[in-house]
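To start, the structure under review is shown below, and the notes come after it.
The values are calculated or read from the model by the stated rules, or taken from the named source; none is laboratory data. Since the model is a prediction, treat every value here as computed from it, not as a measurement. Cβ placement follows ideal geometry from the backbone for every residue including glycine, while neighbour counts extend to all protein chains displayed.
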């Protein structure tokens, strides 16, 4: 029993790190733009399918393929922002952006179904099938590689945010859009690039998800987005550290509970969210919501 | 003649009359529409058509019920399928365990509404503590909890769901009772929505939407008001779930607790105009048949999904506030412009009218003093978005 829990915790932490990366993208977009990108789930699946197409048709290694898919997803993100998010104005902007991004998700889902059919596929490579003995039990290499890559990318994001001039303008925009505009920050450009970065991480998340989830199809996007939403709310909207911590916590919790009952594990996942929010409405690391308007 | 109409210059004498006429037109139009809807199944007897019609009416009522809570209070709920599914399962489990058969099953439908209310109280007490995005996500989370419970508990029948008792009815008129029941619920909900909108309760809800903290400061018991609206909305949605279950004759976890239900209802309200009485109704009347038509037209399901999503995006980008508010604003500004042009040729008083004209259009006719006939009679669809 103790051994099983130990395995579940290691597994949860490793997978949680990858979820953390995807959630950081989502929470970053929220922090800067005040938009919750419902399409994030299906974008992860799009990233997974891009990796799939590259590896099956062009025989490009999954990790090498990221050099193509990450910039591609960045461009897609910027395009979605310019075409559908930027024109939204006015008081209902927040709820409209939820709906607009949901519409984008529906369209993308339809396109993916059309191209790839609803059949489940899985990403394959030697490191997906081969296992390595770590922490006393066997685990496919991809779990380790994916976790390390996610960690590195979160670090890179952190450095961009806290050590570069552009990162400073992102943080300034997160704090106060009007003031940033006044001191000469091009808020529109910051918003577009942030949206791009937030979407670009889904290429990595999608690749790891596609290799570790044991098969995915366009419908998997719903499963992903509902988890990611729960994670960023639990961590506190707009809090990057919170998103990471919540991702690891939630996925580990789910992984541990699924020792007893895989069916109820996901219920515990959402119940934990509801429970935390009744005690702390702003999430674990969220700032207390200031008065709006 | 009210002072306000005197201020508006030479044109003012015609104005109250025109408003009255507009109200009469609107009431007449609504009655004619209702009459047309009432005789609809007598003319179109094709089962395929009436099935779509029943679906449409269920969504008309569901969108109106959703709007009573989300439209008026500004709390966008994406968890109303919880109430729909609970209603469906209540009727299903009740009929199964108590061996209710035939038309007696309809007697269980009010119970479906009550169960939905019983669910709405704890759901609301938790979810209504948080606002905006967080509220939306909490409703989604609760929705998933319910769907997963329906999958995992044994009394819900797990993945096989619950089947309804068989109805030995004439197939040619099978849909009619469902049609009229859905119509009755729909009309009652729209009437309720209209009453609430004009009431003190409705005003409190809209005050919460505009500025919750200030509303509380002014003495609105915000939690109580929000929860009451949530419960009313849940009751109607639960009834519809029960009705829908007997119509479809089966409920599965993924069809009773369907994420598409949440989004369709929200989309209908947004398309027609959030927070207006007629907007969600219009949205449902347009969207449900359109969706069915698209599925029929494109044998490729995915293509119809893409087209639907594109339409959805188009509406959001082009008519961000919905058809009814945007449309009524266009009409009033067109009227004001016409009034302005007519007055411009006259004396200085006419000039003043032209200046006041667009101003009056901006605040909408609903802002007219209550003394003016027509203004108090029907705020439906007349008021611009806020």
Just to be sure, is residue A:217 in contact with a helix residue (DSSP H, G or I) (Cβ under 8 Å, 6 or more places away or on another chain), under 30 Å from residue A:111 (Cβ atoms) and surrounded by fewer than 24 Cβ atoms within 10 Å (Cβ to Cβ)? yes
Would you pick out the residues in the stretch B:258-284 that are assigned to a loop (DSSP other than H, G, I, E, B) and either surrounded by fewer than 24 Cβ atoms within 10 Å (Cβ to Cβ) or in contact with a strand residue (DSSP E or B) (Cβ under 9 Å, 6 or more places away or on another chain) (or both)? B:258
Residue satisfying all of: in the stretch B:236-252; in contact with a helix residue (DSSP H, G or I) (Cβ under 9 Å, 6 or more places away or on another chain) and surrounded by fewer than 24 Cβ atoms within 10 Å (Cβ to Cβ); farthest from the other protein chains (Cβ to nearest Cβ) among these: B:247
Just to check your reading of the model, which residue among A:281, A:262 is more than 24 Å from residue B:128 (Cβ to Cβ), at pLDDT below 85 and within 13 Å of another protein chain (Cβ to nearest Cβ)? A:262
Looking at (1) assigned to a helix (DSSP H, G or I); (2) more than 16 Å from residue A:146 (Cα to Cα), can you tell me which one residue A:211 breaks? (2)
Taking the criterion of being away from chain A (no Cβ under 13 Å), over 30 Å from residue A:284 (Cβ atoms) and either in contact with a strand residue (DSSP E or B) (Cβ under 6 Å, 6 or more places away or on another chain) or buried (at least 21 other Cβ atoms within 10 Å of the Cβ) (or both), would at least one residue in the stretch B:118-138 satisfy it? no
So residue B:215 fits all but one of (1) more than 30 Å from residue B:151 (Cα to Cα); (2) away from every other protein chain (no Cβ under 14 Å); what number is the exception? (2)
Test set (1) within 14 Å of chain B (Cβ to nearest Cβ); (2) free of Cβ contacts under 8 Å to residues at least 24 places away in the same chain; (3) surrounded by fewer than 16 Cβ atoms within 10 Å (Cβ to Cβ) - residue A:130 fails condition number: (1)
What pairs come out if I take residues in the stretch B:166-179 that are surrounded by 15 or more Cβ atoms within 10 Å (Cβ to Cβ) and pair them with residues that are modelled with pLDDT under 75 whose C-beta lies under 9 Å away, six or more apart or interchain? none
Does the stretch A:41-100 hold any residues that are over 26 Å from residue A:188 (Cβ atoms), part of a helix (DSSP H, G or I) and out of contact with any helix residue (DSSP H, G or I) (no Cβ under 9 Å at 6 or more places or on another chain), and which are they? A:56, A:57, A:67
Subset tally (residues that are within 24 Å of residue A:218 (Cα to Cα) and within 23 Å of the chain's Cα centre (by Cα)) for the stretch A:128-148: 5
Just need a number here: residues in the stretch A:207-234 that are within 12 Å of chain B (Cβ to nearest Cβ), touching a residue at least 60 places away in the same chain (Cβ under 8 Å) and under 13 Å from residue A:20 (Cα atoms). 6
Of the residues that make up the stretch A:60-80, is at least one surrounded by fewer than 16 Cβ atoms within 10 Å (Cβ to Cβ) and within 14 Å of another protein chain (Cβ to nearest Cβ)? yes
Do we have any residue at all in the stretch B:311-324 that's facing chain A (nearest Cβ under 9 Å), under 18 Å from residue B:289 (Cα atoms), more than 19 Å from the chain's Cα centre (by Cα) and not in a helix (DSSP H, G or I)? no
